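Q: The following block contains the structure, expressed as structure tokens.
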Amino acid sequence: MWFAGGVVIQTSTTMAAPPIVPALQNTNPPTITATAPRSRVLRELSGPWTFRRVVAKTAPAEPWLPATVPGCVHTDLFANQKIADPFYRLNEKDQQWIERESWEYATTVVIDGDTLRRDRVDLVFHGLDTYAEVFLNGSAVLSSTNMFRTWRADVKGHLKIGENALVVRFGSPIVHVKPIYDRLGYKLPAANDQAVEMVGTLTRKAPYHYGWDWGPRFVTSGIWRPVELDAWDEARLDDVQVFQEHLDDAVARLTVRARVQATRAGRVTVAVGVTGAPPLASVERDVKAGATEIVVSLRIDHPQRWWPNGLGAQNLYTFETTLGASGIARDHRRTRVGLRTVEVVHERDKEGKSFTVKVNGAPVFMKGANWIPADSFVTRMTDDRYRWLLRSAADAHMNMIRVWGGGIYEDDRFYDLCDELGLLVWQDFMFACSMYPGDDAFVEDVRQEAIQNVRRLRNHPSLALWAGNNEIEAAWHDWGWPAKFHLSRAAQDKLWADYKKVFHHLLPSVIAAEDPGRFYTRSSPSANDDAIPPNKLGMGDMHYWGVWHAEEPYTNYAANTSRFMSEYGFQSFPDFASVARYTIAEDWNIESPVMLSHQRHPRGNQLIRTYLQRDFRAPKDFASFLYVGQVLQATVIQYAAEAHRRQMGHNWGSLYWQLDDCWPVASWSGIDYFGHWKALHYAAKRFFAPVLVSAVEEGDAIGVWGVSDRRDNTDAKLIVRLIDFGGKEIWRREQDARLPANTSRAYLTMKRAEALAGADPARVVLVAELSEGGRRLSRSVLSFVKTKDLALPPPDLHFDVEARDGASFAVKITARRFARSVYLTSMRVESGQAAGVEGFFDDNYFDMLPGEVTTVSFRPSGPANIEALRSALGAISISDSY
């Protein structure tokens, strides 16, 4: 379970353990004798910590308060009841003072004599947010300028036996850089910084902290990743990288490159093996003081491949690299890898310029979503929250997640779960929608940031590619920044030269040196060609926002499919039970101050209304508006994703914006902040199914398409029929449909008039189904008019509940007449509060045909009896919304 804003979420599926790996070749290496007292010792400094605001020397010092590390100032103030819940109602507005203050954290570190007898004792901060000075027993030992870097200092000379005072002092990320920004002489464009002083681009800090069009402004400070004391002798392992060479399916060769950091010249042994078994290969090498790279080679017979979600097993191998010196095992490191090849084909062809991800030599259609940090305060992310969100992505048949460049390089837990779930990762560097400086200090800071994060992530089998930034190339050329920010010609030339310095030269050089062979695209979207405008249709990846921002009809998605669709999206609000958790009854109008504060797009409400009015009747109340808005979002994105999949072969990816939220808000997400699946995510489970049937009206023709992501052919049966809302079948066609592997094709085409066969288009739907061995693989329900023009009858829904096992219930729903977008809920809002049985339906927001019986599994978040669930259950459809 995980908790967010008082809500308890139960994960829907138990994660399977990684498969057992096959045996490797044993080369009988020499043995290293472990002597634990002289091995490397890593000790996390988890506290107790305290914190306080730094005040002027002339003012009385503020009292020290309990703090949590990892954490941040906002969460510590909240825990000490110094501020209210930052996400509730309008509290965000009252907490902007925090970003302009300085803060300090303190703890006591107890040191024994054995620690001080070590060759080195390093203080390691895995994340300082952001401008920090660190003092040990009153002496300055390091300072930080970058949230995304690890900071290490040898502090042995500053330590003493017994108690040692450790203090970390954070300067305001706004006050620190304001004078530097003022001296620039021009503005750095920053599309989403929600302050008059747009200084955030000068600081290597999560861009979304400064606000976005889906997120609040909380400019945090604090120790946001673990702190360790690292005591070691003679040598330690600084890094281990595993390279793969797959000659064929029978043999894989691994090259393990170990970076050894030594206090002095000497001779060391590096051994590699499977964790829990004797080493399989080792080498002895001389090392110098400082860093030395040592290479060990392995061979794996009959390797078990790692595959993306839906295409095979996620076989994982865990290798242990051991470092020995002076006959003692000084250090060891575990590295988990999946044996696979990943490449991106990005080259000119007759249709433009491709962007195709290949895994194990075969093209794979990428299905997924964009990921933003799942909390404004990322240290609140628990294992279960990560697991719930990524398991939800896998359950919706996604195989790729794009880690967007306005957030953070995610926690190791994120990438470990992606490895286990078969979710390939498109990894942006942390730059988005802004121009950045190019002075030597800034560029060197970025270089170290890139090196550290590339080394941390490069062994993950889920890592597919690197992208330099989000949308900056397109923004510079197409968003009118020079005029908007009053940039002189000289300023424009400098900004573009600084841009190229980082994204055309620095970052690709880091990838070439640290992760050779991995694909790098300099921006998203980009054709990676100065002669081709960014975001040009047919030229690489594309962000298409004609639908939404430009108010184009959503059917325009079909004509605006490029070679890889890496962003597109549409907004909706959370469900009523979620909204009730951050509002009170007087707020229940989308134009209320509270709802507007939790809608950060300046035209968001207007755009939702505009599109809703085109396709749906006016909802009768606030709750109905939230429900219909979610159905609208799902309808729009389903149309887009199916258009992308129908064009498989030309287009090889569909990643919608966005999977998740960082706070309770109206946004483009498919899963709200509290972990509730919106209608969009339930729809994604259907439109991203491995085998899809897609019925579509284009002009005066109706087409029925079959799409298969499978690696093998599928022998299916296609049934297409026209039915009225009472259940009368007007016509029916059946045919065998062989779906070749990894292919999209049309199986049936007819004129609209032929399909209607004289029926009233407002009272019938076309239903297409693909089945295999009597099991339905996919269904598509096509209306001939907009939903608002359908003559929908009351569906007469009935449901019953049966206990399925100790942890779930079966909910059986029957519809007497056609029902559009049946929404099941186990929560209701009473007296301004959400009440009922919290839990998860495995399907929802689905169409039901007349006389159809659908069974849905419900898993409560906590103990629940059948009578309580029966009392709490409710079901509505579109005809109930007006």
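Q: So how long is each side of the stretch 70-146 along the principal axes, counting just the alpha-carbon atoms, biggest first, in Å?
A: Principal axes ranked by extent give 55, 24, 21 Å for the Cα atoms.
Q: Residue by residue, what Karplus-based ³J(HN,Hα) values in Hz, rounded to whole numbers, does the stretch 48-60 have, using 6.51, -1.76 and 1.60 with θ = phi - 60° and x for Gly and Pro?
A: x, 10, 10, 8, 6, 6, 8, 10, 4, 4, 7, 9, x
Q: Starting from the Cα gyration tensor of the stretch 653-694, multiply each eigenvalue by 5, take the square root, and state the resulting semi-axes largest first in whole Å.
A: For the stretch 653-694, the semi-axes come out at 22, 10, 7 Å.
Q: Another question about this same structure. Please provide three numbers in whole Å: the alpha-carbon extents of the stretch 443-535 along the principal axes, with the largest listed first.
A: The principal-axis extents, from largest down, are 44, 28, 19 Å.
Q: Report, in cubic angstrom per residue, the convex hull volume of the C-alpha atoms of the stretch 689-729.
A: Hull volume over Cα atoms, normalised by residue count, gives 105 Å³.
Q: May I pose another question? What's the percent breakdown of Cα-Cα distances in the stretch 323-459 across 5 Å bins, shortest bin first?
A: Histogram of Cα-Cα distances, whole percents per bin: 2, 7, 14, 17, 18, 15, 12, 8, 4, 2, 1, 0, 0.
Q: Rounded to whole Å and sorted largest first, what semi-axes of the equivalent ellipsoid does the C-alpha gyration tensor of the stretch 740-853 yield via the square root of 5 times each eigenvalue?
A: Working from the Cα gyration tensor, I get semi-axes of 32, 21, 13 Å.
Q: Roughly how many nanometres apart are two label points built 7 Å out from the Cα toward the Cβ at A441 and N137?
A: Calculated label separation equals 3.0 nm.
Q: For the chain, what is the mean residue ellipticity at 222 nm derived from helices alone (per DSSP H run of n ≥ 4: -39500 (n - 2.57); sum divided by total residues; nearest 500 deg cm²/dmol)? Mind showing how you got there, number by number?
A: On the way: 17 runs with 157 residues, N = 882.
Calculated at 222 nm, the ellipticity per residue is -5000 deg cm²/dmol.
Q: Ranked from highest to lowest mean number of other Cβ atoms within 10 Å per residue, what is the order of the peptides 713-724, 158-169?
A: 713-724, 158-169
Q: Place the peptides 218-226, 376-384 in order of packing, highest mean first, counting for every residue the other Cβ atoms within 10 Å and averaging per peptide. Let's see the in-between values first.
A: Details: 218-226: 24.1, 376-384: 18.7.
Top to bottom by mean Cβ count within 10 Å: 218-226, 376-384.
Q: Relative to the present Cα-Cα distance, how much length would full extension add between D789 and N80 at 0.36 nm per residue of separation?
A: On the way: separation 709, 0.36 × 709 = 255.24 nm, distance 5.48 nm.
Gain in length upon complete extension: 249.8 nm.
Q: Round to a whole number: what % of the accessible area of the chain belongs to carbon and sulfur, probe 1.4 Å? Display every interim value, and only then the final one.
A: On the way: 16070 of 32480 Å².
The computed percentage sits at 49.
Q: I've got another one for you. Which far-off residues, 5 or more places away or on another chain, put their amide H under 5 Å from the one on A695, with H placed in the peptide plane?
A: For A695, the qualifying residues are W705.
Q: Starting from one equal scatterer on each C-alpha and no solvent at all, send me the Debye-based log10 I(q)/I(0) for the stretch 580-725 at q = 0.13, 0.16, 0.21 Å⁻¹, two decimals.
A: -0.72, -0.99, -1.41
Q: When the chain is fully extended, how far beyond the present Cα-Cα distance does E351 get from R870, taking 0.36 nm per residue of separation?
A: 181.3 nm
Q: Ranking request for peptides 334-342, 51-59: highest mean number of other beta-carbon atoms within 10 Å first, then the rest in descending order. Can you show the working numbers first?
A: Working: 334-342: 19.1, 51-59: 12.4.
Taking the mean over residues of other Cβ atoms within 10 Å, the ranking is 334-342, 51-59.
Q: If you don't mind, another one. Sort T321, T50 by heavy-atom solvent-accessible area, probe 1.4 angstrom, most to least.
A: Most to least solvent-accessible, the answer reads T50, T321.
Q: Across the stretch 669-674, in residue order, what do the Karplus-derived ³J(HN,Hα) couplings come to in whole Hz, using 6.51 cos²θ - 1.76 cosθ + 1.60 with θ = phi - 60° and x for Gly and Pro?
A: Calculated HN-Hα couplings, in order: 6, x, 10, 7, 4, 7 Hz.
Q: Per 20 Å bin, what percent of the C-alpha pairs of the chain does each bin hold, from zero upward?
A: 14, 44, 34, 8, 0
Q: Please sort through the DSSP H helices of the chain and keep those with an alpha-carbon extent of at least 20 Å along the long axis and a Kyte-Doolittle average not below -0.5.
A: Numbers: long enough: 440-457 (26 Å, -0.59); 622-646 (36 Å, 0.34).
Length and hydropathy pass: 622-646.
Q: Still on this model: Search the structure for amide H atoms under 5 Å from the amide H of F564, placed 1.01 Å from N in the peptide plane, and list their residues when 5 or more places away or on another chain.
A: Residues meeting the criterion, in which the H sits 1.01 Å from N, are M542, W652.
Q: How many Å² of accessible area per residue for the chain, probe 1.4 Å?
A: Value returned for the chain: 37 Å² of accessible area per residue.
Q: Between D796 and R775, what length in nm is gained on full extension when 0.36 nm per residue of separation is reduced by their alpha carbon distance?
A: Taking D796 through R775 to full extension adds about 4.9 nm, to one decimal.
Q: Still on this model: Give me the net charge of A396's neighbourhood, meaning all other residues with Cβ under 12 Å from the Cβ of A396; Lys, Arg count +1, Asp, Glu -1. If you can, show how the numbers build up before the last one.
A: Working: positive: K367, R391, K678, K685, R686; negative: D395, D842, D843.
Value of the local net charge: +2.
Q: Same structure again: Taking a point 7 angstrom from the Cα of L184 along the C-beta vector, which residues in the stretch 410-430 have backbone N less than 18 Å away?
A: Zone members listed by number: 430.
Q: Give me the Debye-computed log₁₀ of I(q)/I(0) at q = 0.13, 0.19, 0.21 Å⁻¹ for the stretch 496-591, equal point scatterers on Cα only, no solvent, two decimals.
A: So the normalised log intensities work out to -0.70, -0.94, -1.04.
Q: Further question: May I ask you to work out the translational diffusion coefficient for the stretch 666-798 at 37 °C, viscosity 0.692 mPa s, via Stokes-Einstein with Rh from the Kirkwood sum over Cα pairs, reported in whole µm²/s?
A: After rounding, the answer is 201 µm²/s.
Q: What whole-number distance in Å separates the alpha-carbon centres of the stretch 365-417 and the stretch 255-309?
A: The two parts, judged by their Cα centres, are 30 Å apart.
Q: Mind checking the log10 I(q)/I(0) for the stretch 180-261 at q = 0.15, 0.16 Å⁻¹? Debye, one equal scatterer per Cα, no solvent, two decimals.
A: Summing over Cα pairs of the stretch 180-261 leads to -0.77, -0.78.
Q: If you bin every alpha carbon distance in the stretch 88-239 into 10 Å steps from zero, what whole percent lands in each bin?
A: 10, 34, 28, 17, 10, 1
Q: Per residue, how big is the convex hull around the C-alpha atoms of the stretch 333-381? Give it to me in cubic angstrom, could you?
A: Once divided by residue count, the hull of the stretch 333-381 is 166 Å³.
Q: Restricting things to alpha carbons, tell me how big the stretch 818-882 is in terms of Rg and Dmax, in Å.
A: 12.8, 36
Q: Name the residues of the stretch 831-845 whose amide N is less than 19 Å from a point 7 angstrom out from the Cα of E586 along the C-beta direction?
A: 831-834
Q: For the stretch 236-284, what D do you get in µm² per second when you plug the Kirkwood radius from alpha-carbon pairs into Stokes-Einstein at 4 °C and 1.567 mPa s?
A: Numbers: Rh = 12.7 Å.
Result for D is 102 µm²/s.
Q: Starting at the first residue of the stretch 109-115, write each ³J(HN,Hα) from the Karplus equation 6.51 cos²θ - 1.76 cosθ + 1.60 with θ = phi - 60°, in whole Hz, x for Gly and Pro.
A: Whole-Hz 3J(HN,Hα) from phi for the stretch 109-115: 10, 8, 10, 9, x, 4, 4.
Q: Over what distance in Å are the Cα centres of the stretch 734-800 and the stretch 690-717 separated?
A: Taking the Cα centre of the stretch 690-717 as reference, the centre of the stretch 734-800 is 12 Å away.
Q: I've got another one for you. Share of antiparallel DSSP beta bridges in the chain, in percent to the nearest 5?
A: The antiparallel fraction comes to roughly 85 percent.
The values are calculated or read from the model by the stated rules, or taken from the named source; none is laboratory data. This structure is a prediction, so every number in the text was calculated from the model and none was measured. Ideal geometry is used to build each Cβ from the backbone, glycine not excepted, and the neighbour counts take in all protein chains shown. For accessibility, only protein heavy atoms count, side chains too; no ligands or nucleic acids. Shrake-Rupley method; radii C 1.70, N 1.55, O 1.52, S 1.80 Å.
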